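Student: My questions will all concern the structure given below.
No value in this document is a laboratory result; all are computed from the given coordinates. The shown structure was predicted, so the numbers you read here are calculated from the model rather than taken from an experiment. Cβ sites come from the backbone with ideal geometry, for glycine too, and all protein chains shown count toward neighbours.
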Amino acid sequence: MGVMRFQVSPPGLLARLPEWDQAYITGADKRVFACRVEAEGDTLTILRQKQDSGKLHICWPVEGYGRPVAFTCSLPEREEPFILPLELARGKIARLRDQLGAWQIAGMVIPRNFHALQKDSQHLLAKAVQRQDQPEECGELAQKSLTLAYQAAELLTAAYTHQRLEIYRRRSTQLPSLLGCHLGQVVPQKKDEEAFLSSFNAAFVPVEWRNIEPEEGEYNWDLLDEQVEWCQANKLFMHAGPLLDLTPQGIPDWLSKWKDDVLNMQSFVSDFVETAIGRYFGKIRYWEVSAFGTTGGALDLSEEQRLTLVARTLEIARQVDDEIQLSIRVEQPWGGYLAGGQHRLSPLQFIDALIRSGVGLSTVNVELGVGYAPRKTGYRDLLEISQLFDLWGGLGIPLQVTLAYPSTSGHDPHSYGEMYAIETDAKHPPSIEQQAEWTRNVVPLLMAKQSVVGIYWTNYDDRKQHRYPFAGMIDAEGTQKPALQVFDHYLNEFWSQSNV
């Protein structure tokens, strides 16, 4: 059995880290190893079957950034524990240096003050390395180095985003990607409608099987019909789905009696897919056929059964209308769920298997649901998000992105399922200002990615039932949140601004 140990500094910090048990290790191919995490005193121990070298990923406090997922360089196993903050600083600096080189080769202009931050971070790291015999002092210096590295990464990524968007603006007067929002259980009315149409040029219409067919063979299309008509009347680009939601909250209760009869269950799924696509033939051209196939949880399906079922839904959809565009949604795109040992396929492997099967996948919808538990993406800085979409862009097919970020923490009475918003920083808990700031940073970064063709916010209105607590653009009192203005700016102002 492979064992890696890390000494956490300062003393007592490990006991105050709520996510320490979610740490995991990745190999050279970025695959997440199944592992068990143990803590004793100030020592963190990772146990796994393989003894290969790897990178530790852990939610770690960084001043000004909450508890982002930070990670080390590739480390070998050894008897002596690694000093964790030292290795995290080393890992961030190495990642930053690699990205800097790649963007310089591509012709990017580097901000003047970036080099000073990078140099100071490397200098503090060097001092920390020299004091490994004094773990507390070493950890303190490494923590300062890590903070500066995060500041440098933010500055560099912001410069990349700005320069890429300026290139797009010189080449075209059109947005490089759609800006949309999930309608949820509402059809916007009056001032909410005006704000929606001012901020988005696309809408995601939810097709929730659980609500449409609550009893076998009894359909209720009223809300969906009204939403489709509203989108058509307002000339919004329309995307609909998912036809198959493989979370426990996405499947009709009556289907559970067929969970041990996979063939009959597939026939029910196929029937719903055929019925929905046939009903809106010629009206909806872009369908999200399935969601959460990688992690699922519904009907106790195995990973192989989920993959087979998703492939089957794509085949059925294509048979109904061979001209529609089909996508599937992937959550937890970094693949942290593999650490639990119940899965073998990473998100990329899952999608790659579908592409190779020739089922006609048109796009992939990558979901970033940041700040939620128990299924969560985990907070990453802009550099890590940028590199994630560079990696996913290698699939060679267009990407859509679904975003979620809470405006407060806790349970939302209007949300369904087990999801709840968490605090990524006790000193600065989620707020509408933080939600807006995150949106302000992430949306333009995604627009700067050539592979991204659509950006959708996960929920418009907190007053109606939805999946992600407190993520809406409208709060429970009906007040518009500042994050909505970010979409309004890029849809109406940014692209028409002078380039002078």
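Student: Please find the FRET efficiency linking E215 to A158, where r is the Cβ-Cβ separation and R0 is fixed at 41 Å, and quote it to the nearest 0.05.
Tutor: Values: r = 52 Å, r/R0 = 1.26.
Given R0 = 41 Å and the Cβ-Cβ separation, E is 0.20.
Student: With each run of n ≥ 4 DSSP H residues scored as -39500 (n - 2.57), what mean residue ellipticity at 222 nm is computed for the chain after dividing by its residue count and rounding to the nearest 500 deg cm²/dmol?
Tutor: Values: 12 runs with 188 residues, N = 500.
Dividing the helical sum by the residues of the chain leaves -12500 deg cm²/dmol.
Student: So which lysines pass the test for K481, namely a Cα distance under 28 Å, with those fewer than 8 places away in the same chain ruled out?
Tutor: Within the straight-line limit of under 28 Å, K481 reaches these lysines: K190, K191, K235, K376, K427, K449, K464.
Student: Quick one: helix 347-356 against the long Cα principal axis of the chain, what's the angle to the nearest 10°, folded into 0 to 90?
Tutor: 50 degrees
Student: If I model a spin label at D390 and V453 as a point 7 Å from the Cα along the Cα→Cβ vector, what separation in nanometres do I get?
Tutor: Going by the 7 Å Cα→Cβ label model, 2.4 nm.
Student: In addition: Summing +1 for each Lys or Arg and -1 for each Asp or Glu, what net charge is found among the other residues whose Cβ lies under 15 Å from the Cβ of D300? Write down the numbers at each step before the final one.
Tutor: Details: positive: K257, K259, R306; negative: D253, D260, D261, E303, E304.
So the surrounding residues net to -2.
Student: Only counting other Cβ atoms within 10 Å, I'd like W103, W60 sorted with the fewest neighbours first. Can you show the working numbers first?
Tutor: Values: W103 18, W60 25.
Taking fewest neighbouring Cβ atoms as first place, the list is W103, W60.
Student: Within the range 443-480, name every residue whose backbone N is under 19 Å away from a label modeled 7 Å from Cα of E226 along the Cβ vector.
Tutor: 459-467, 474, 478
Student: Measure off 7 Å from each Cα along the Cα-to-Cβ vector at K259 and D120, then give the distance between these two points in nanometres to one decimal.
Tutor: 5.5 nm
Student: In addition: Once the Cα atoms of helix 432-447 and of the chain are each reduced to a long axis, what angle between those two axes, in degrees from 0 to 90 to the nearest 10, is obtained?
Tutor: 80 degrees
Student: Hey, fewest Cβ within 10 Å first, where do K191, K376 land in order? Write out the running numbers ahead of the final one.
Tutor: Values: K191 11, K376 23.
The order, fewest Cβ neighbours first, is K191, K376.
Student: Would you work out the relative contact order for the range 2-167, in percent, from Cα pairs under 8 angstrom that are 6 or more residues apart? Intermediate values should be presented prior to the final figure.
Tutor: Working: 282 pairs, mean separation 35.1, N = 166.
With pairs under 8 Å counted, the relative contact order is 21 percent.
Student: At a 10 Å Cβ-Cβ cut-off, how would you order C73, C35, fewest neighbours first?
Tutor: Details: C73 16, C35 22.
Going from sparsest to densest Cβ surroundings: C73, C35.
Student: Under a point spin-label approximation (7 Å from Cα along Cα-to-Cβ), what is the S198-Q132 distance to one decimal in nm?
Tutor: Here the answer is 5.8 nm between the modelled labels.
Student: Take a quick pass over the range 1-142 and tell me how many lysine pairs come in under 24 angstrom between Cα atoms, counting only ones 8 or more apart or on separate chains.
Tutor: 9
Student: Can you work out the FRET efficiency for the pair D321 and L175, with r the C-beta to C-beta distance and R0 = 25 Å, to the nearest 0.05?
Tutor: Numbers: r = 27 Å, r/R0 = 1.09.
Using R0 = 25 Å, I get an efficiency of 0.35.
Student: Additional query: Above 31 angstrom, tally the Cα pairs of the chain and express them as a % of all pairs, no decimals.
Tutor: Values: 57505 of 124750 pairs.
Distances greater than 31 Å cover 46 percent of the Cα pairs.
Student: Still on this structure: For the chain, take the longest principal axis of its alpha carbons; what is the angle in degrees between that and the long axis of helix 84-105, to the nearest 10 within 0 to 90?
Tutor: 70 degrees
Student: Roughly how big is the chain's charge dipole about its Cα centre, with Cβ charges of +1 (Lys, Arg) and -1 (Asp, Glu), in debye to the nearest 20? If you can, show how the numbers build up before the last one.
Tutor: Numbers: 48 positive and 64 negative charges, 380 e Å.
Approximately 1820 debye in magnitude.
Student: Another question, if that's okay. Toward the positive end of the charge dipole of the chain, about the Cα centre and with charges on Cβ (Lys, Arg +1; Asp, Glu -1), which of G336, V262, I110 goes farthest?
Tutor: Of the options given, the answer is I110.
Student: Whole-Hz ³J(HN,Hα) for each residue in the range 318-331, computed from phi via Karplus 6.51 cos²θ - 1.76 cosθ + 1.60 with θ = phi - 60°, x for glycine and proline: what do you get?
Tutor: For the range 318-331, the Karplus curve yields 5, 5, 5, 8, 7, 10, 6, 9, 10, 9, 10, 9, 10, 9 Hz.
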